[in-house]
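The values are calculated or read from the model by the stated rules, or taken from the named source; none is laboratory data. None of these values were measured; they are calculated from a predicted model. Note that each Cβ is placed from the backbone with ideal geometry, even for glycine, and that neighbours are counted across all protein chains shown.
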């Protein structure tokens, strides 16, 4: 549905590149007539489906999927004071049904705590019911007044994958936070996107949480994108919603909770981290199409070559891979351009000489060519896809390493934040964070960093000289 | 989360049975504090997931999945006059974002024509783009003022599976209507629910359609439930949204459209048609749990029996089936009750004597017992599940046949409509339909019936004596 005309801007002009690739690679159409709402093209939706299937697979190990309503009555929504404060400017309100004014206004969930926890209070009876670990994949809404951007800052988050757990003790909930971090790390590893977890400063935590751990990906322009959050809710919501259980001794106890979620920003990070000047680059596991066969047709033996392509397609399909033959009446170059834009990991070219020599030519999305014996096509293609995935991972982590710099001066931090993340020593105080943020025009993302690239070493604060730990500092989306 | 106390009402008291089974079998919790909105328990959600996967599989053959926004701006929504009239009393309106009044009110989609077709108009250029066949699975909203009922009459339809197609000619669209009917028949066949398609009368068609074909299932109380609709939209929406293509001769032509959808009513029909006095009865293909193993434990050889059960569980799991061992410290009878309620198709009992004799005892959800040799466990279990599915299908279609009666008098129709559907001769006029409806307190559902049980035979109208065809008449939900 998109047209193959004009050129994709260079990726070094990231913002333009991002806007253009979304429609050129048929991910989203941004022309829907409401600000902040977008339409998924089938190609984008297919990519999303396979990406979310990975997350579902991981969650299904020890969570159960469920579904709560979108509409939250005003009185429930208004129960948790901190929580409301965090969301009151952002909530969409339904006020009318047909031409009738509703008795009670209904909020479109910005997140589902206040829809879920009153039900949890009905369900939870005894310690034997714990832990409860449920998740749902739902649309959520935020009336964003800032500049909206597809997949990144939305008014309808069409797929918030939110988990909500209940535990007997604060420590059990803390352990669940760690489990969730491990789960999200595994997810991002599967889609080859490097992330860094850190603990958000007090003033940046989720409204109503004891503390928030968040995952950041580093975008090509060096700005960070928050792509997942894990919240320890303590017993804050339990108190509000009277979420209690009977312990072994028959006493009523308040439960402790966590919640964690990932939005479609995971897709934004996936597209941005891997894409290049030619278009998308997709990990084979989630690419809607893994292999495109391009028959190199000369006039005299068109039929023979098309048949050879179709035969190969059938074989590859039987082996469980997603493949298609592009037999359109176009120059091979136009076909290469088309499928590179859409991020197909592997292209197979079959021409008259290849048939003669009993080979096929495999070209991966990085442009590396390998000749594969025709009779070893399936195993050869599998190998190519496997090594392509490794290369993607290596490239992405090398780039992330480059973008993270450990600095010991404000000047060094300023420089580092121009192309990525600065790691500097910070004492944890709001005062010093404010000074860093104002002087460098950055955000202090967090401390207690979880990254294989960053050592958790004590030192003295870059501002006040008091004892300190490493903190992440960057410009962020 | 539900409790195994008290008894399920008999299914002959269908309305009570239905309300109770939803929570007893852990399908839905109806205690959410907004009328017409419900919460899916994990067991219910799992059932829903496997049911929808079947529909997805069928649609994916020649449709692509996509996603459009929930919120439709008032000006787009108001474009199609017939369409608005059909929905104006039922639409939820978002009027505020945070504390700000919105410039343009936003409708929560009651159905997505007005969200999708303006985008189709941007996408469609040439005859080569046709046909377009997309679908989405989304939540839709209706401000129902009638009595709401879980899965049947909802304010949030949490999973409307709606397809929208575009074609070059009226006849192409008509053929697509027939394809959609075939697709839905296949879907309902897979979940063992008999349905009857018919053409809705003019005054009952979808607002804006040329005509509507609808599927009805017959519920245990004899009332019909509309469980799917297929609409030929003609060029009505094309005119409104300027949906045109360039034909082979370079001329601009209006496109023709269809749309069709199934809501969670398919789950309501599934539960109601098959369930019995003991609880749910589920087709193996979609049962969250296909096999429950109940070890019959005596004190002295508890460990041996538990080990035997666990070993069998592992074998069955490796064979790709969904199985669990219930090793809770409860009487076997309590376990039987528990799993029968939740509709598990097959129970395997293993006791000391079975181990001695080298057998396992399989009991299907109808209570039929079969002894299977231990070494043939996997093939034996597969056979049992297969024949259980056949029995389910047979029972359901026998019941449906009983519930359909061909009648030639108003008196006969009145009787038939007490327990199911009356098939009578009707000329097609509104006047005669009104008379039938008023005299019998029923609805004239439709004519041009598609059912293996009903012959499309011409005769004379039961009211006016003019030439006529068979029509479906029933009380309906």
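For region B:290-311, what are the residues that are surrounded by fewer than 21 Cβ atoms within 10 Å (Cβ to Cβ), in contact with a helix residue (DSSP H, G or I) (Cβ under 8 Å, 6 or more places away or on another chain) and assigned to a loop (DSSP other than H, G, I, E, B)?
B:296, B:297, B:298, B:301 - these are the residues of region B:290-311 that are surrounded by fewer than 21 Cβ atoms within 10 Å (Cβ to Cβ), in contact with a helix residue (DSSP H, G or I) (Cβ under 8 Å, 6 or more places away or on another chain) and assigned to a loop (DSSP other than H, G, I, E, B).
Restricting attention to region B:427-440, report how many residues are in contact (Cβ under 8 Å) with a residue 40 or more places away in the chain and surrounded by 21 or more Cβ atoms within 10 Å (Cβ to Cβ). Give the steps one after another, and end with the answer.
Pass one, region B:427-440, residues in contact (Cβ under 8 Å) with a residue 40 or more places away in the chain: B:427-428, B:430, B:433.
Among the residues that remain, those that are also surrounded by 21 or more Cβ atoms within 10 Å (Cβ to Cβ) are: B:433.
Qualifying residue count, region B:427-440: 1.
Got a number for residues in region A:213-239 being over 19 Å from residue A:125 (Cβ atoms) and not in a strand (DSSP E or B)?
Taking region A:213-239 as the starting set, the residues that turn out to be over 19 Å from residue A:125 (Cβ atoms) are A:213-234, A:236.
Among the residues that remain, those that are also not in a strand (DSSP E or B) are: A:219-223, A:236.
The qualifying residues number 6.
May I ask you to verify whether residue A:76 is part of a loop (DSSP other than H, G, I, E, B), at the interface with chain B (Cβ under 7 Å from one of its Cβ atoms) and closer than 30 Å to residue A:179 by Cβ?
Numbers: part of a loop (DSSP other than H, G, I, E, B): no; at the interface with chain B (Cβ under 7 Å from one of its Cβ atoms): yes; closer than 30 Å to residue A:179 by Cβ: yes.
It is false that residue A:76 is part of a loop (DSSP other than H, G, I, E, B), at the interface with chain B (Cβ under 7 Å from one of its Cβ atoms) and closer than 30 Å to residue A:179 by Cβ.
Assess whether residue A:100 counts as being away from chain B (no Cβ under 11 Å) and closer than 20 Å to residue B:140 by Cα.
Numbers: away from chain B (no Cβ under 11 Å): no; closer than 20 Å to residue B:140 by Cα: yes.
Spelling it out, it is not the case that residue A:100 is away from chain B (no Cβ under 11 Å) and closer than 20 Å to residue B:140 by Cα.
With respect to residue A:432, is the statement that it is more than 20 Å from residue A:213 (Cβ to Cβ) and in a loop (DSSP other than H, G, I, E, B) true? Full working, then the answer.
Details: more than 20 Å from residue A:213 (Cβ to Cβ): yes; in a loop (DSSP other than H, G, I, E, B): no.
For residue A:432, the condition - more than 20 Å from residue A:213 (Cβ to Cβ) and in a loop (DSSP other than H, G, I, E, B) - is not met.
Whether any residue in region B:51-68 is part of a helix (DSSP H, G or I), farther than 21 Å from residue A:157 by Cα and over 23 Å from the mean Cα position of the chain (by Cα) is what I want to check. Show your work before the answer.
Applying the first criterion (part of a helix (DSSP H, G or I)) to region B:51-68 yields B:51-60.
In the following step, the residues that additionally are farther than 21 Å from residue A:157 by Cα were identified as B:51-60.
Then drop every residue that is not over 23 Å from the mean Cα position of the chain (by Cα), which leaves none.
No, every residue in region B:51-68 fails to be part of a helix (DSSP H, G or I), farther than 21 Å from residue A:157 by Cα and over 23 Å from the mean Cα position of the chain (by Cα).
Hey, among A:64, A:82, which residue is in contact with a strand residue (DSSP E or B) (Cβ under 8 Å, 6 or more places away or on another chain) and touching a residue at least 60 places away in the same chain (Cβ under 8 Å)? Please lay out each step first, then the result.
Working: A:82 fails: in contact with a strand residue (DSSP E or B) (Cβ under 8 Å, 6 or more places away or on another chain).
Sole residue among the options that is in contact with a strand residue (DSSP E or B) (Cβ under 8 Å, 6 or more places away or on another chain) and touching a residue at least 60 places away in the same chain (Cβ under 8 Å): A:64.
Going through A:348, A:360, A:355 one at a time, which residue ends up being over 28 Å from the mean Cα position of the chain (by Cα), assigned to a helix (DSSP H, G or I) and touching a residue at least 24 places away in the same chain (Cβ under 8 Å)?
Numbers: A:348 fails: assigned to a helix (DSSP H, G or I); A:360 fails: assigned to a helix (DSSP H, G or I).
None of the others qualify; the one that does is A:355.
Filter region B:441-460 for residues that are modelled with pLDDT under 95 and crowded, with 19+ Cβ neighbours inside 10 Å and give the result.
B:451
Find the residue count for region B:390-426, including only residues that are in the same structural domain as residue B:464 (by TED's automatic domain parsing), out of contact with any helix residue (DSSP H, G or I) (no Cβ under 9 Å at 6 or more places or on another chain) and either in contact (Cβ under 8 Å) with a residue 60 or more places away in the chain or buried (at least 19 other Cβ atoms within 10 Å of the Cβ) (or both).
So the answer is 2.
Restricting region B:103-122 to residues that are in contact with a strand residue (DSSP E or B) (Cβ under 7 Å, 6 or more places away or on another chain) and part of a helix (DSSP H, G or I), which is nearest to the other protein chains (Cβ to nearest Cβ)?
Going through region B:103-122, the residues in contact with a strand residue (DSSP E or B) (Cβ under 7 Å, 6 or more places away or on another chain) turn out to be B:104-116, B:119-120.
Okay, now just the ones that are also part of a helix (DSSP H, G or I), so B:113-116, B:119-120.
Working: B:113: 14, B:114: 10, B:115: 8, B:116: 8, B:119: 6, B:120: 10 Å.
Among those residues, the one meeting the criterion is B:119.
Limited to region B:146-178, what total is found for residues that are surrounded by 21 or more Cβ atoms within 10 Å (Cβ to Cβ) and in a loop (DSSP other than H, G, I, E, B)?
Here the count works out to 4.
From B:18, B:32, grab the single residue that is within 7 Å of another protein chain (Cβ to nearest Cβ) and either more than 17 Å from the chain's Cα centre (by Cα) or not in a strand (DSSP E or B) (or both).
On the way: B:18 fails: within 7 Å of another protein chain (Cβ to nearest Cβ).
Result of the check over B:18, B:32: B:32.
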